[in-house]
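Some notes on the structure that comes next.
The values are calculated or read from the model by the stated rules, or taken from the named source; none is laboratory data. What you are looking at is a predicted structure, and each value in this text was computed from that prediction instead of being measured. A quick note on method: Cβ atoms are made from the backbone with ideal geometry, for glycine too, and the neighbour counts reach across all protein chains shown.
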Amino acid sequence: MDHFTYRAGVLCAEEVPLSLIAADVGTPVYVYSTATLTRHFKVFQEALSWTDHLICYAVKANSNIAVLKLLGDLGAGMDVVSIGEYARARAAGVPGERIVFSGVGKTREEMRLALEGGIRQFNVESEPELLALSEVATSLNLRAPVALRVNPDVDAKTHEKIATGKSENKFGIPIARAREVYAGAAALSGIEICGIDMHIGSQLTDLDPYRQAYAKMATLTRALRDDGHDIRRLDMGGGLGIPYRRDNNAPPLPIEYGQVIREAVGDLGCEIDIEPGRNIAGNSGVLLSSVIYVKRGGDRDFLILDAAMNDLIRPAMYGAHHDLVPVIEAAPGADRAAYDVVGPVCETGDIFEKGAALPPLGPGQLVAFRSAGAYGAVMASEYNTRPLIPEVLVHGDQFAVIRPRPSLEEILAREALPEWL
Ligand SMILES: *Cc1c(COP(=O)(O)O)cnc(C)c1O
């Protein structure tokens, strides 16, 4: 459920007409809904209300500091994958003891800064990383709290570019070697083992891969306890999918996901952490865009928008679909036309959808891509020297720009000419 609905024929974010935001801020622009973000976070809280838990929002899904502060103020922890994301979480007021640090390539500098700043847990993905972390922590007279990310070798049944839990993926320590690596970790002076971590992929629409992975986690927990390790926290990762198509079967609900966790590991007495990103932010945002031209091609019409692949890369990168809707509601039974929806970037791959059925549209009219709140703005670039597009947060009948569109002067001023040129 989200808070983007038509009111008096105009698509609104909560109580604010998107046409008002377009007139004030310009397009293209990302628009997020406070009520939707809040609701999605609370649904996860309810799903884990049977146990001690922390919901560590995956910052990479949408890392705007205002979004992080909103979630942090609701009690969220954060899952970060770089010291940059760590800095964002801290800037949003999230204390270090609620931040977990994931990622396959943490540098020593990142480790040091996170240890000095305060950290809940490092999710360590390899033995060399473990050794480096122990050295850094020892040099600071600290012990780093660690969960090893274990790769359970299960098929998450999602897009190959976002599957992370098969043995051929770069992530985690092979489960067959986990006991040996834990034994090694326990012998390191700078490491304090606190749990186990898994994350098997993103946009999962089936609970079975979770069941398989979490069954392996339960078995591993018992084995590691037998080996004498203090396994007191289980980090179950993120990845629960969202409905990108309104007319399709909806993926499982967080409450059902919470039950899968409970069935698998509920009897172990561990604190449960999860790392949802997309499920909290995805349907909390839209990408609002204007039609620049409608162009008659050889055998089709092109809808040329002011948003492009550099603003929302998921269609070009993963073949992803985002429902596209007109901001002014079409009359019921109105004619539909088929458009290839494209952006202005000079790449054939800059296409959002082929043959989209939309009411007839003309220059200046507004459209919105739904489900664009996660992996949208964070993946944007300035390819073709198109300014990073602004972000707006709506709350009831108010809205605020939470990242302004940079001016061309600001973009050009970031670069420098060498003296000898
Ligand atoms: C990306 C990622 C997540 C979040 O995945 P979603 O599909 O957005 O829920 C969680 N944990 C880790 C380690 C990740 O890399």
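The figures follow:
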| quantity | calculated |
| --- | --- |
| Residues located in the stretch 1-42, provided they are surrounded by 15 or more Cβ atoms within 10 Å (Cβ to Cβ) and on the phi > 0 side of the Ramachandran plot | 14 |
| Scope the stretch 384-404; condition touching a Gly at 6+ places or on another chain (Cβ under 8 Å) and either surrounded by fewer than 17 Cβ atoms within 10 Å (Cβ to Cβ) or of a type in the set (Asp, Glu) (or both); matching residues | none |
| Hits in the stretch 158-192 (condition: within 28 Å of residue 244 (Cβ to Cβ) and either out of contact with any strand residue (DSSP E or B) (no Cβ under 7 Å at 6 or more places or on another chain) or outside the structural domain of residue 207 (by TED's automatic domain parsing) (or both)) | 159, 160, 161, 166, 168, 170 |
| Selection within the stretch 276-300 - modelled with pLDDT of 95 or more, charged (D, E, K, R) and surrounded by fewer than 20 Cβ atoms within 10 Å (Cβ to Cβ) | 295 |
| Residue 151 touching a residue at least 60 places away in the same chain (Cβ under 8 Å), crowded, with 23+ Cβ neighbours inside 10 Å, within 16 Å of the ligand (Cβ to nearest atom) and polar (S, T, N, Q) | no |
| Given (1) assigned to a helix (DSSP H, G or I); (2) in contact with a Cys (Cβ under 9 Å, 6 or more places away or on another chain); (3) within 16 Å of the ligand (Cβ to nearest atom), index of the condition residue 234 fails | (1) |
| Number of the exception - residue 26 against (1) away from the ligand (no atom under 16 Å from the Cβ); (2) within 30 Å of residue 108 (Cα to Cα) | (2) |
| In the stretch 36-86, residue farthest from residue 258 (Cα to Cα) [restricted to those that are of a type in the set (Asp, Glu) and touching a residue at least 24 places away in the same chain (Cβ under 8 Å)] | 85 |
| Complete set of residues in the stretch 269-303 that are aliphatic (A, V, I, L, M) and not in a helix (DSSP H, G or I) | 272, 274, 286, 287, 288, 291, 292, 294, 303 |
| Failed condition for residue 82, given (1) within 14 Å of the ligand (Cβ to nearest atom); (2) crowded, with 20+ Cβ neighbours inside 10 Å | (2) |
| Residues being surrounded by fewer than 22 Cβ atoms within 10 Å (Cβ to Cβ) and within 15 Å of the ligand (Cβ to nearest atom) - total across the stretch 154-165 | 7 |
| Subset of the stretch 301-315 (residues that are touching a residue at least 40 places away in the same chain (Cβ under 8 Å), surrounded by fewer than 23 Cβ atoms within 10 Å (Cβ to Cβ) and more than 16 Å from the ligand (Cβ to nearest atom)) | 302, 304, 306 |
| Members of the stretch 115-148 that are touching a Cys at 6+ places or on another chain (Cβ under 8 Å) and surrounded by fewer than 21 Cβ atoms within 10 Å (Cβ to Cβ) | 145 |
| Qualifying position, being in contact with a helix residue (DSSP H, G or I) (Cβ under 7 Å, 6 or more places away or on another chain), aromatic (Phe, Trp, Tyr), at positive phi and not assigned by TED's automatic domain parsing to the domain that holds residue 160, among 375, 318 | 375 |
| Identity of the residue in the stretch 262-300, within 16 Å of the ligand (Cβ to nearest atom) and over 14 Å from the mean Cα position of the chain (by Cα), that ends up nearest to residue 56 (Cα to Cα) | 273 |
| Total residues in the stretch 98-154, condition over 24 Å from residue 170 (Cα atoms), outside any loop (DSSP other than H, G, I, E, B) and of a type in the set (S, T, N, Q) | 2 |
| Test: residue 157 is in a loop (DSSP other than H, G, I, E, B), of a type in the set (D, E, K, R) and in contact with a Phe, Trp or Tyr (Cβ under 8 Å, 6 or more places away or on another chain) | no |
| Residue tally, condition surrounded by 22 or more Cβ atoms within 10 Å (Cβ to Cβ) and aliphatic (A, V, I, L, M), over the stretch 250-263 | 1 |
| Residues within the stretch 15-46 that are more than 30 Å from residue 273 (Cα to Cα) and charged (D, E, K, R), tallied | 2 |
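Residues checked against (1) under 21 Å from residue 156 (Cα atoms); (2) away from the ligand (no atom under 16 Å from the Cβ):
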| position | (1), (2) |
| --- | --- |
| 183 | no, yes |
| 186 | no, yes |
| 197 | yes, no |
| 226 | no, yes |
| 241 | yes, no |
| 249 | yes, yes |
| 260 | yes, no |
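So that you can scan it fast, the table gives a plain yes or no per residue for (1) of a type in the set (Phe, Trp, Tyr); (2) part of a helix (DSSP H, G or I):
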site	(1), (2)
178	no, yes
188	no, no
199	no, no
214	yes, yes
